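> Input: one structure, supplied below.
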Amino acid sequence: MKSKTIVINILFFLSLLIFSCKKTEPTVLEPAVEVKKSNHSWYYFSENGFQKTEIIQTVPQSASIPWTEAIRISSSNVVLDSTGDTLGFAIVNRLGVLSFNNDKIDLSTDVTLFSERTAGNLVFYDDTPIFSVYKSSFFNNSIKNPEYKKDDSLHLFLVQFDTKSKIAFPIINCNNLTEEKNSEVTDFYWDGQNWTCSVKSISDVKNSFSYIEWSPKMPLLSIVPSSANANISVKESSVETFRELKKQKDFSTAPERIKKLLAGFSNSKSFEIELKNAGGISPRFYENKISSFKEKSLKAKGIIAESWSCILFEDGTLFIEGALPGKHILRNGKPVAIRLPKLPGGFVYSDFVISGTTLYAAWEETDFYSIKRSGFLSVDLEKTLYKELI
(Lines give C-alpha, C1' and ligand atoms only; values in the text may rest on other atoms or scores of the structure.)
Protein backbone atom coordinates (compact mmCIF):
# COMPACT_ATOMS: atom_id res chain seq x y z
CA MET A 1 0.00 0.00 0.00
CA LYS A 2 2.84 2.29 0.96
CA SER A 3 4.63 1.63 -2.36
CA LYS A 4 1.42 2.35 -4.27
CA THR A 5 1.14 5.72 -2.52
CA ILE A 6 4.73 6.53 -3.42
CA VAL A 7 4.07 5.71 -7.07
CA ILE A 8 0.96 7.93 -7.11
CA ASN A 9 2.90 10.79 -5.52
CA ILE A 10 5.68 10.42 -8.09
CA LEU A 11 3.19 10.47 -10.96
CA PHE A 12 1.50 13.54 -9.47
CA PHE A 13 4.86 15.28 -9.13
CA LEU A 14 5.79 14.44 -12.72
CA SER A 15 2.47 15.78 -14.00
CA LEU A 16 3.10 19.06 -12.17
CA LEU A 17 6.61 19.21 -13.58
CA ILE A 18 5.40 18.61 -17.13
CA PHE A 19 2.67 21.23 -16.71
CA SER A 20 5.10 23.82 -15.34
CA CYS A 21 7.57 23.12 -18.16
CA LYS A 22 4.85 23.64 -20.74
CA LYS A 23 3.99 27.00 -19.20
CA THR A 24 7.56 28.25 -19.60
CA GLU A 25 8.02 27.07 -23.17
CA PRO A 26 8.02 29.83 -25.79
CA THR A 27 4.83 30.41 -27.70
CA VAL A 28 5.25 29.08 -31.23
CA LEU A 29 3.89 31.56 -33.77
CA GLU A 30 3.88 29.07 -36.64
CA PRO A 31 6.38 26.41 -37.75
CA ALA A 32 9.42 28.37 -38.95
CA VAL A 33 9.82 28.60 -42.72
CA GLU A 34 13.10 27.02 -43.80
CA VAL A 35 15.10 28.75 -46.55
CA LYS A 36 15.81 26.18 -49.26
CA LYS A 37 19.20 25.89 -50.89
CA SER A 38 17.79 26.95 -54.26
CA ASN A 39 16.42 30.16 -52.71
CA HIS A 40 19.64 31.69 -51.37
CA SER A 41 23.21 32.64 -52.32
CA TRP A 42 26.33 33.34 -50.25
CA TYR A 43 28.80 36.22 -50.77
CA TYR A 44 32.01 37.11 -48.95
CA PHE A 45 34.21 40.20 -48.83
CA SER A 46 37.79 40.39 -50.06
CA GLU A 47 40.15 43.37 -49.98
CA ASN A 48 38.79 44.59 -53.32
CA GLY A 49 35.09 43.75 -53.23
CA PHE A 50 32.79 40.77 -52.84
CA GLN A 51 32.65 37.31 -54.40
CA LYS A 52 30.04 34.60 -54.61
CA THR A 53 30.62 31.24 -52.96
CA GLU A 54 28.69 27.98 -52.63
CA ILE A 55 29.07 27.67 -48.86
CA ILE A 56 30.72 29.72 -46.09
CA GLN A 57 33.12 26.89 -45.24
CA THR A 58 34.98 27.46 -48.52
CA VAL A 59 35.56 31.18 -47.91
CA PRO A 60 39.33 31.84 -47.62
CA GLN A 61 40.59 32.16 -44.06
CA SER A 62 41.22 35.68 -42.78
CA ALA A 63 43.29 37.10 -39.93
CA SER A 64 41.52 38.33 -36.80
CA ILE A 65 41.23 42.13 -37.03
CA PRO A 66 39.64 44.63 -34.59
CA TRP A 67 36.08 45.37 -35.66
CA THR A 68 36.92 49.04 -36.30
CA GLU A 69 39.47 48.03 -38.93
CA ALA A 70 37.86 44.91 -40.47
CA ILE A 71 36.03 44.73 -43.79
CA ARG A 72 32.44 44.08 -42.71
CA ILE A 73 28.94 45.48 -43.05
CA SER A 74 28.85 47.97 -40.18
CA SER A 75 25.44 49.55 -40.78
CA SER A 76 22.50 49.17 -43.16
CA ASN A 77 18.93 50.31 -43.79
CA VAL A 78 16.34 50.80 -46.51
CA VAL A 79 14.60 53.78 -48.07
CA LEU A 80 11.44 54.02 -50.18
CA ASP A 81 11.89 55.03 -53.81
CA SER A 82 9.41 57.00 -55.92
CA THR A 83 7.50 53.82 -56.85
CA GLY A 84 7.02 52.69 -53.25
CA ASP A 85 9.65 49.97 -53.53
CA THR A 86 12.48 49.69 -51.02
CA LEU A 87 16.12 50.25 -51.90
CA GLY A 88 18.76 48.89 -49.54
CA PHE A 89 22.09 50.42 -48.59
CA ALA A 90 24.93 49.05 -46.47
CA ILE A 91 28.14 50.67 -45.30
CA VAL A 92 31.04 48.26 -45.75
CA ASN A 93 33.80 49.28 -43.36
CA ARG A 94 37.16 49.94 -45.06
CA LEU A 95 35.63 49.33 -48.49
CA GLY A 96 32.62 51.38 -49.65
CA VAL A 97 28.83 51.50 -50.00
CA LEU A 98 26.67 48.58 -51.13
CA SER A 99 23.45 49.41 -53.00
CA PHE A 100 20.69 46.80 -53.28
CA ASN A 101 17.90 47.18 -55.84
CA ASN A 102 15.81 44.01 -55.74
CA ASP A 103 18.23 41.31 -56.94
CA LYS A 104 20.83 43.80 -58.25
CA ILE A 105 23.91 44.47 -56.09
CA ASP A 106 26.37 47.32 -56.65
CA LEU A 107 29.47 48.21 -54.62
CA SER A 108 30.84 51.77 -54.79
CA THR A 109 34.39 51.87 -53.45
CA ASP A 110 36.49 54.88 -52.44
CA VAL A 111 40.04 54.14 -51.35
CA THR A 112 40.77 57.71 -50.20
CA LEU A 113 37.71 57.85 -47.95
CA PHE A 114 37.42 54.28 -46.64
CA SER A 115 40.84 52.63 -46.58
CA GLU A 116 42.08 54.04 -43.26
CA ARG A 117 38.81 54.99 -41.58
CA THR A 118 36.04 53.31 -39.61
CA ALA A 119 32.68 53.87 -41.32
CA GLY A 120 29.12 53.32 -40.05
CA ASN A 121 26.08 54.99 -38.46
CA LEU A 122 23.94 55.02 -41.62
CA VAL A 123 20.94 57.40 -41.56
CA PHE A 124 18.92 59.17 -44.27
CA TYR A 125 18.31 62.85 -44.94
CA ASP A 126 15.75 63.56 -47.69
CA ASP A 127 16.18 59.93 -48.82
CA THR A 128 19.95 60.42 -49.20
CA PRO A 129 22.22 57.99 -47.32
CA ILE A 130 24.46 59.72 -44.77
CA PHE A 131 27.10 58.06 -42.62
CA SER A 132 30.10 58.89 -40.44
CA VAL A 133 33.81 58.07 -40.61
CA TYR A 134 36.62 58.38 -38.06
CA LYS A 135 39.99 56.92 -37.08
CA SER A 136 40.32 54.75 -34.00
CA SER A 137 43.09 55.86 -31.64
CA PHE A 138 43.24 52.33 -30.20
CA PHE A 139 43.83 50.34 -33.38
CA ASN A 140 44.69 52.76 -36.18
CA ASN A 141 48.35 53.79 -36.28
CA SER A 142 47.77 56.23 -39.14
CA ILE A 143 46.19 58.63 -36.64
CA LYS A 144 49.70 59.17 -35.21
CA ASN A 145 51.04 60.35 -38.56
CA PRO A 146 52.39 63.93 -38.06
CA GLU A 147 50.77 65.12 -41.30
CA TYR A 148 47.40 63.76 -40.24
CA LYS A 149 47.64 65.47 -36.85
CA LYS A 150 48.38 68.84 -38.44
CA ASP A 151 45.87 68.82 -41.31
CA ASP A 152 42.34 69.47 -40.00
CA SER A 153 40.86 68.81 -43.44
CA LEU A 154 41.76 65.11 -43.08
CA HIS A 155 39.66 64.65 -39.93
CA LEU A 156 36.42 63.77 -41.75
CA PHE A 157 33.11 63.21 -39.96
CA LEU A 158 29.81 63.29 -41.85
CA VAL A 159 29.57 61.98 -45.42
CA GLN A 160 26.72 61.79 -47.94
CA PHE A 161 26.38 59.18 -50.66
CA ASP A 162 24.95 60.41 -53.94
CA THR A 163 22.76 57.54 -55.17
CA LYS A 164 22.89 58.67 -58.82
CA SER A 165 26.60 59.29 -59.27
CA LYS A 166 27.49 56.60 -56.66
CA ILE A 167 30.04 58.98 -55.14
CA ALA A 168 30.54 59.75 -51.43
CA PHE A 169 31.75 63.17 -50.32
CA PRO A 170 32.09 65.02 -46.98
CA ILE A 171 29.47 67.35 -45.50
CA ILE A 172 31.13 68.28 -42.22
CA ASN A 173 34.59 67.66 -40.77
CA CYS A 174 35.46 67.37 -37.10
CA ASN A 175 37.18 70.78 -37.05
CA ASN A 176 33.81 72.35 -37.96
CA LEU A 177 32.59 71.27 -34.51
CA THR A 178 35.58 71.79 -32.22
CA GLU A 179 38.77 73.85 -32.00
CA GLU A 180 40.60 70.96 -30.35
CA LYS A 181 43.35 69.66 -32.61
CA ASN A 182 43.64 66.03 -33.76
CA SER A 183 40.01 65.22 -32.92
CA GLU A 184 37.61 62.58 -34.22
CA VAL A 185 33.82 62.27 -33.96
CA THR A 186 33.61 58.69 -32.73
CA ASP A 187 29.81 58.44 -32.57
CA PHE A 188 26.64 60.50 -33.03
CA TYR A 189 22.87 60.47 -32.59
CA TRP A 190 20.52 62.31 -34.94
CA ASP A 191 16.91 62.82 -33.82
CA GLY A 192 15.72 64.38 -37.08
CA GLN A 193 16.70 67.92 -36.09
CA ASN A 194 19.75 67.93 -33.84
CA TRP A 195 22.99 65.98 -34.11
CA THR A 196 24.62 65.06 -30.79
CA CYS A 197 28.24 63.96 -31.17
CA SER A 198 30.91 62.34 -29.06
CA VAL A 199 34.27 63.93 -29.91
CA LYS A 200 37.58 62.36 -28.94
CA SER A 201 40.69 64.57 -28.89
CA ILE A 202 43.96 62.66 -29.14
CA SER A 203 47.28 63.85 -27.75
CA ASP A 204 50.58 62.31 -26.66
CA VAL A 205 49.79 63.23 -23.06
CA LYS A 206 46.09 62.50 -22.55
CA ASN A 207 43.03 61.73 -24.64
CA SER A 208 39.81 63.55 -23.75
CA PHE A 209 36.12 63.46 -24.71
CA SER A 210 33.71 66.31 -25.30
CA TYR A 211 30.08 66.33 -26.42
CA ILE A 212 28.66 68.64 -29.05
CA GLU A 213 25.14 69.33 -30.31
CA TRP A 214 24.71 70.99 -33.67
CA SER A 215 22.06 71.68 -36.30
CA PRO A 216 22.21 73.07 -39.86
CA LYS A 217 21.05 76.59 -40.70
CA MET A 218 20.41 75.58 -44.32
CA PRO A 219 19.59 72.30 -46.13
CA LEU A 220 22.18 69.83 -44.88
CA LEU A 221 23.02 68.38 -48.29
CA SER A 222 24.08 71.83 -49.51
CA ILE A 223 26.79 72.11 -46.86
CA VAL A 224 30.45 71.24 -47.44
CA PRO A 225 33.32 71.44 -44.90
CA SER A 226 34.59 74.76 -46.32
CA SER A 227 31.19 76.41 -45.74
CA ALA A 228 30.07 74.50 -42.65
CA ASN A 229 31.36 76.92 -39.98
CA ALA A 230 28.99 79.63 -41.22
CA ASN A 231 26.05 77.30 -41.83
CA ILE A 232 25.69 75.23 -38.65
CA SER A 233 24.82 76.14 -35.07
CA VAL A 234 27.05 74.45 -32.48
CA LYS A 235 26.69 74.25 -28.71
CA GLU A 236 28.06 72.14 -25.90
CA SER A 237 26.25 69.02 -24.77
CA SER A 238 27.06 66.50 -22.01
CA VAL A 239 27.96 62.86 -21.55
CA GLU A 240 24.66 62.37 -19.66
CA THR A 241 22.64 63.67 -22.62
CA PHE A 242 24.56 61.49 -25.06
CA ARG A 243 24.17 58.37 -22.92
CA GLU A 244 20.44 59.01 -22.55
CA LEU A 245 20.06 59.15 -26.34
CA LYS A 246 22.01 55.92 -26.85
CA LYS A 247 20.79 53.88 -23.87
CA GLN A 248 18.67 50.76 -24.12
CA LYS A 249 15.04 51.25 -23.16
CA ASP A 250 12.77 48.52 -21.84
CA PHE A 251 11.14 46.47 -24.59
CA SER A 252 7.72 47.31 -23.15
CA THR A 253 8.20 50.83 -24.59
CA ALA A 254 8.98 49.58 -28.12
CA PRO A 255 6.58 50.40 -31.01
CA GLU A 256 3.40 48.30 -30.98
CA ARG A 257 4.20 46.75 -34.36
CA ILE A 258 7.45 45.35 -32.98
CA LYS A 259 5.88 44.08 -29.76
CA LYS A 260 3.18 42.36 -31.80
CA LEU A 261 5.80 40.93 -34.17
CA LEU A 262 7.67 39.29 -31.28
CA ALA A 263 4.67 38.34 -29.16
CA GLY A 264 5.36 34.98 -27.55
CA PHE A 265 9.04 35.02 -28.42
CA SER A 266 9.58 37.98 -26.09
CA ASN A 267 8.25 35.92 -23.18
CA SER A 268 10.98 33.30 -23.52
CA LYS A 269 14.19 35.04 -24.57
CA SER A 270 16.38 37.88 -23.35
CA PHE A 271 17.43 40.04 -26.27
CA GLU A 272 18.71 43.46 -27.34
CA ILE A 273 17.34 45.15 -30.47
CA GLU A 274 18.73 47.99 -32.56
CA LEU A 275 15.59 49.29 -34.25
CA LYS A 276 15.56 51.52 -37.34
CA ASN A 277 12.85 53.24 -39.34
CA ALA A 278 13.13 52.93 -43.11
CA GLY A 279 14.81 56.04 -44.47
CA GLY A 280 15.03 57.43 -40.97
CA ILE A 281 17.01 58.86 -38.11
CA SER A 282 19.48 57.16 -35.77
CA PRO A 283 18.28 53.79 -34.43
CA ARG A 284 16.63 53.26 -31.04
CA PHE A 285 17.73 50.54 -28.66
CA TYR A 286 15.54 48.17 -26.63
CA GLU A 287 16.30 45.45 -24.12
CA ASN A 288 14.09 42.51 -23.16
CA LYS A 289 15.11 40.86 -19.89
CA ILE A 290 13.01 37.92 -18.78
CA SER A 291 14.95 37.12 -15.62
CA SER A 292 17.53 38.52 -13.23
CA PHE A 293 20.00 35.81 -14.21
CA LYS A 294 23.00 36.88 -16.28
CA GLU A 295 22.08 34.85 -19.34
CA LYS A 296 23.48 35.91 -22.69
CA SER A 297 21.07 38.18 -24.53
CA LEU A 298 20.53 37.57 -28.23
CA LYS A 299 21.49 40.54 -30.40
CA ALA A 300 19.05 41.64 -33.09
CA LYS A 301 18.50 44.32 -35.74
CA GLY A 302 15.08 45.54 -36.82
CA ILE A 303 13.49 47.75 -39.49
CA ILE A 304 10.03 49.28 -39.57
CA ALA A 305 9.01 50.06 -43.16
CA GLU A 306 5.72 51.39 -44.49
CA SER A 307 4.20 48.02 -45.43
CA TRP A 308 6.33 45.59 -43.41
CA SER A 309 8.44 45.26 -40.32
CA CYS A 310 11.20 42.73 -39.70
CA ILE A 311 13.57 41.60 -36.95
CA LEU A 312 16.70 39.47 -37.52
CA PHE A 313 18.42 37.77 -34.58
CA GLU A 314 22.11 36.90 -34.66
CA ASP A 315 21.31 33.16 -34.68
CA GLY A 316 19.39 33.49 -37.96
CA THR A 317 15.86 33.61 -36.54
CA LEU A 318 13.89 36.17 -38.52
CA PHE A 319 10.38 37.50 -37.92
CA ILE A 320 8.48 39.46 -40.56
CA GLU A 321 4.95 40.84 -40.87
CA GLY A 322 2.99 42.82 -43.43
CA ALA A 323 3.43 42.80 -47.19
CA LEU A 324 6.44 43.22 -49.44
CA PRO A 325 6.05 45.69 -52.36
CA GLY A 326 3.37 44.56 -54.80
CA LYS A 327 2.51 41.45 -52.75
CA HIS A 328 -0.40 40.42 -50.57
CA ILE A 329 -0.24 40.60 -46.78
CA LEU A 330 1.51 37.59 -45.25
CA ARG A 331 -0.72 35.21 -43.25
CA ASN A 332 -3.47 37.82 -42.90
CA GLY A 333 -1.16 40.11 -40.99
CA LYS A 334 0.18 37.49 -38.60
CA PRO A 335 3.96 37.34 -38.00
CA VAL A 336 5.93 34.80 -39.99
CA ALA A 337 9.04 33.13 -38.58
CA ILE A 338 11.87 32.26 -40.99
CA ARG A 339 14.95 30.25 -40.16
CA LEU A 340 17.94 31.39 -42.20
CA PRO A 341 20.63 28.84 -43.10
CA LYS A 342 22.56 27.78 -40.01
CA LEU A 343 26.01 29.35 -39.70
CA PRO A 344 29.15 27.50 -38.58
CA GLY A 345 30.29 27.91 -34.97
CA GLY A 346 31.75 31.34 -34.25
CA PHE A 347 29.65 33.07 -36.96
CA VAL A 348 26.65 35.37 -36.47
CA TYR A 349 24.16 37.28 -38.58
CA SER A 350 24.72 40.98 -37.91
CA ASP A 351 22.40 43.21 -39.99
CA PHE A 352 20.03 43.12 -42.96
CA VAL A 353 17.99 44.96 -45.58
CA ILE A 354 15.05 43.97 -47.77
CA SER A 355 14.88 45.37 -51.29
CA GLY A 356 11.84 44.38 -53.32
CA THR A 357 11.43 40.70 -52.48
CA THR A 358 15.11 39.99 -51.73
CA LEU A 359 16.54 39.80 -48.23
CA TYR A 360 20.22 40.58 -47.74
CA ALA A 361 21.60 39.45 -44.37
CA ALA A 362 25.13 40.32 -43.26
CA TRP A 363 27.21 37.61 -41.59
CA GLU A 364 30.59 37.67 -39.89
CA GLU A 365 33.01 35.41 -38.06
CA THR A 366 33.58 36.89 -34.61
CA ASP A 367 36.53 36.58 -32.25
CA PHE A 368 35.80 38.64 -29.12
CA TYR A 369 36.23 42.27 -30.31
CA SER A 370 37.72 41.16 -33.64
CA ILE A 371 36.35 39.95 -36.96
CA LYS A 372 37.73 37.31 -39.30
CA ARG A 373 35.66 36.47 -42.40
CA SER A 374 32.55 38.42 -43.36
CA GLY A 375 30.00 38.79 -46.13
CA PHE A 376 26.28 38.60 -46.78
CA LEU A 377 23.53 36.17 -47.73
CA SER A 378 20.81 36.88 -50.30
CA VAL A 379 17.43 35.17 -49.89
CA ASP A 380 14.66 35.13 -52.49
CA LEU A 381 11.59 35.95 -50.37
CA GLU A 382 9.33 35.64 -53.42
CA LYS A 383 10.07 31.90 -53.49
CA THR A 384 10.53 31.44 -49.76
CA LEU A 385 7.35 33.16 -48.64
CA TYR A 386 4.95 33.81 -51.48
CA LYS A 387 5.36 30.63 -53.53
CA GLU A 388 6.07 28.08 -50.81
CA LEU A 389 4.14 29.48 -47.84
CA ILE A 390 0.49 28.47 -47.88
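> Give, in nm to one decimal, the length gained when the segment between Lys342 and Glu244 is fully stretched (0.36 nm per residue of separation minus the Cα-Cα distance).
31.7 nm
> Provide the per residue accessible area, probe 1.4 Å, for the chain, rounded to a whole number of square angstrom.
50 Å²
> For segment 32-104, taking Cα atoms only, what is the radius of gyration to one decimal and the Dmax to the nearest whole Å?
14.7, 43
> Could you compute the net charge surrounding Gly345? Neighbours are other residues with a C-beta less than 14 Å from the C-beta of Gly345; K and R count +1, D and E count -1.
Neighbour charge sum, excluding Gly345 itself: -2.
> Rounded to the nearest 0.05, what FRET efficiency is calculated for Asp127 and Lys327 with R0 set to 25 Å and r the Cβ-Cβ distance?
After rounding, the FRET efficiency stands at 0.65.
> Once you have all Cα-Cα distances for segment 314-365, histogram them in 5 Å bins from zero and send the whole-percent values.
All Cα pairs considered, the percentages come to 5, 18, 25, 23, 15, 9, 5, 1.
> Quick check for me: using +1 on Lys/Arg Cβ and -1 on Asp/Glu Cβ, what's the dipole size of the chain about its Cα centre, in debye to the nearest 20?
For this selection, approximately 1500 debye.
> Apply the Debye scattering formula to segment 179-220, with a single equal point scatterer on each alpha-carbon and no solvent, then give log10 I(q)/I(0) at q = 0.17, 0.19, 0.23 Å⁻¹.
With one equal scatterer per Cα and no solvent, log10 I(q)/I(0) is -0.52, -0.61, -0.77.
> Ok, one more. Straight-line reach from Lys301: which aspartates and glutamates have Cα under 14 Å away, leaving out those fewer than 8 places along the same chain?
Glu272, Glu274, Glu287, Glu314, Asp315, Asp351
> Specify whether the C-alpha gyration tensor of segment 273-317 places it in the rounded, prolate or oblate class, a ≥ b ≥ c being the square roots of the eigenvalues: rounded for a/c under 1.5, otherwise prolate if a/b is larger than b/c and oblate if not.
Verdict is prolate for segment 273-317.
> Turning to a different aspect of this structure: State the answer as a single residue: which of Pro341, Trp308, Trp363 lies farthest towards the positive end of the charge dipole of the chain, with beta carbon charges of +1 for Lys and Arg and -1 for Asp and Glu, about the Cα centre.
Pro341
> Count the net charge of all other residues whose Cβ sits under 14 Å from the Cβ of Phe161, scoring Lys and Arg as +1 and Asp and Glu as -1.
Here the count lands on -3.
> Now a separate question. Size of segment 121-239 along its principal axes in angstrom, Cα-based, largest extent first?
Extents along the principal axes: 42, 32, 24 Å.
> How much mean residue ellipticity at 222 nm does the chain get from its helices, if each DSSP H run of length 4 or more adds -39500 (n - 2.57) and you divide by all residues, to the nearest 500 deg cm²/dmol?
-4000 deg cm²/dmol
> What FRET efficiency would be calculated for the residue pair Arg257, Lys144, taking the C-beta separation as r and a Förster radius of 56 Å, to the nearest 0.05?
Once rounded, the FRET efficiency stands at 0.75.
> While we're here: Could you sort the peptides 142-149, 316-323 by per-residue average Cβ neighbour count (10 Å cutoff), highest mean leading?
316-323, 142-149
> To two decimal places, what compactness ratio does segment 86-133 give when its Cα radius of gyration is scaled by 2.2 N^0.38 Å?
1.13
> Give me the compactness ratio for the chain, meaning the Cα radius of gyration over 2.2 N^0.38 Å.
1.11
> Right, something else. How much length, in nm to one decimal, is gained on full extension between Glu287 and Lys166, taken as 0.36 nm per residue of separation minus their Cα-Cα distance?
In short, 39.9 nm is gained.
> Could you tell me what % of all Cα pairs in segment 216-297 have separations over 15 Å?
The answer is 70 percent, as a whole percent.
> Ok, one more. By average Cβ neighbour count within 10 Å, what is the ranking of 268-277, 114-123, 76-85 from highest down?
Descending mean neighbour count gives 114-123, 268-277, 76-85.
> Taking a cut-off of 20 Å between Cα atoms, list the aspartates and glutamates near Lys135, but don't count ones fewer than 8 places away on the same chain.
Of all the aspartates and glutamates, those that pass the test against Lys135 - Cα under 20 Å, at least 8 places apart if same chain - are Glu47, Glu69, Asp110, Glu116, Glu147, Asp151, Asp152, Glu179, Glu180, Glu184, Asp187, Asp204.
> How large are Rg and Dmax for segment 189-329 when only the alpha carbon atoms are used, in Å?
Answer for segment 189-329, Rg first and Dmax second: 19.2, 62 Å.
> How many percent of Cα pairs in segment 44-155 exceed 20 Å?
Here the long-distance tail beyond 20 Å is 49 percent of all Cα pairs in segment 44-155.
> What Kirkwood hydrodynamic radius do you get for segment 302-390 when you take the inverse of the mean 1/r over all pairs of distinct Cα atoms, in Å?
Radius from the Kirkwood sum: 13.7 Å.
The values are calculated or read from the model by the stated rules, or taken from the named source; none is laboratory data. Note that the structure is a prediction, hence the values are computed from the model and not measured. When we count neighbours, we look across all protein chains shown, and the Cβ atoms used for this are built from the backbone with ideal geometry, even at glycine. SASA here: full protein model, heavy atoms, side chains in, ligands and nucleic acids out. Shrake-Rupley method; radii C 1.70, N 1.55, O 1.52, S 1.80 Å.
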